[in-house]
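Shown next, in structure tokens, is the structure this report addresses.
The values are calculated or read from the model by the stated rules, or taken from the named source; none is laboratory data. No experiment lies behind these values; they were computed from the predicted model shown. Because the Cβ atoms are built from the backbone with ideal geometry, glycine has one as well, and the counts that use them run over all protein chains shown.
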Number of protein chains: 2
Amino acid sequence: MSLPHPTADQISLPIVLAVLGDPTRLSIVRYLARKEGVPMNCSKFLDLASKTNLSYHLAKLREAGVTRSEAVGTSRLITLRRADLDKRFPGLLDSVIAAADGDKDLPAVGTADIELSA
Amino acid sequence: MSLPHPTADQISLPIVLAVLGDPTRLSIVRYLARKEGVPMNCSKFLDLASKTNLSYHLAKLREAGVTRSEAVGTSRLITLRRADLDKRFPGLLDSVIAAADGDKDLPAVGTADIELSA
DNA sequence: TCCTTAGTTCAAAAGTTATTGAACAATTGG
DNA sequence: CCAATTGTTCAATAACTTTTGAACTAAGGA
């Protein structure tokens, strides 16, 4: 860890909801949930927004306590803070992600390179 | 019904989350959930904001599909659209309300007149 | 009819969030 | 060391959201 993160009990419900109420960030969270356990770097989300703008949105997610960003070399490994969110707001993340999965209007991550992890 | 409401399938997840991501509106929703079945009029929420500002926030909730406002005489009866929200985003409203109930920082409704329904 | 009550609308001001590009830092591979 | 890769920061701007007060409408009661 390197960048400032709130502790679990500092996570605020209205802030989390407001942060998730943005299609770009909701798409990021949905993607992180789908690939849970696999830490992502920012470049994974470059088809959602520009590099600068991503930095902004990822900072919002981190500051709200939704994600954790670890500096590893020149990359950031981004993970969902699922345990902390589940503890703080039981059921919330699951229902948001389930709803987001059914949302055809949300921008998709990785529609260009569909798993070329060969 | 009199004012424009979205149909159930027009309710959008990011819009609902953004609308709930405001402490005033979240307090309104929490109160409506607690008093479910009892339709409220706007004046119930006057300790959260001014009359004009309440009109704005209640319109946001209605336009997002979170509440229904019916004109009855000179009043508006405001109800939670629980069935529509549960159908569209299962579990979401329950987890938001449960989390909001545990949030000490949210402004409270009716702290001045605690049930003077005599 | 007149007054009150309940709430809306409008336009302005204030505040906040999102987006951009250019410049910067830090790490890593050659 | 040099260059490329990854991502951040900064300042400016654009775009929204919230808040306000004054003016308004519509219904209901005296």
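Assorted remarks:
- Taking each residue of segment B:1-12 that is among the aliphatic types (A, V, I, L, M) and looking for partners that are in a loop (DSSP other than H, G, I, E, B) and modelled with pLDDT of 95 or more with beta-carbon atoms closer than 9 Å, six or more apart or interchain, yields B:8/B:65; B:8/B:81; B:11/B:65; B:11/B:66; B:11/B:81; B:11/B:89.
- Within segment A:1-15, the set of residues being in contact with a helix residue (DSSP H, G or I) (Cβ under 6 Å, 6 or more places away or on another chain) and in a helix (DSSP H, G or I) comprises A:8, A:13, A:14, A:15.
- Residue ID - surrounded by the fewest Cβ atoms within 10 Å (Cβ to Cβ), chosen from residues in segment A:1-57 that are more than 13 Å from DNA strand C (Cβ to nearest atom) and of a type in the set (Val, Ile, Thr): A:7
Yes or no, residue by residue, for (1) in contact with a strand residue (DSSP E or B) (Cβ under 7 Å, 6 or more places away or on another chain); (2) within 13 Å of chain A (Cβ to nearest Cβ); (3) at pLDDT 95 or above:
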residue	(1), (2), (3)
B:51	no, no, yes
B:73	no, no, no
B:87	no, yes, yes
B:95	no, yes, yes
B:101	no, yes, yes
B:108	no, no, no
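- Residue, farthest from the other protein chains (Cβ to nearest Cβ), within segment B:1-37, restricted to residues that are modelled with pLDDT under 95 and over 12 Å from the mean Cα position of the chain (by Cα): B:2
- Among residues of segment A:60-83, those that are within 11 Å of DNA strand C (Cβ to nearest atom) and under 10 Å from the mean Cα position of the chain (by Cα), counted: 2
- Residue list for segment A:67-81, restricted to those being more than 12 Å from DNA strand D (Cβ to nearest atom), under 16 Å from residue A:45 (Cα atoms) and buried (at least 22 other Cβ atoms within 10 Å of the Cβ): A:80
- Residue A:56 within 13 Å of DNA strand D (Cβ to nearest atom) and not aliphatic (A, V, I, L, M): yes
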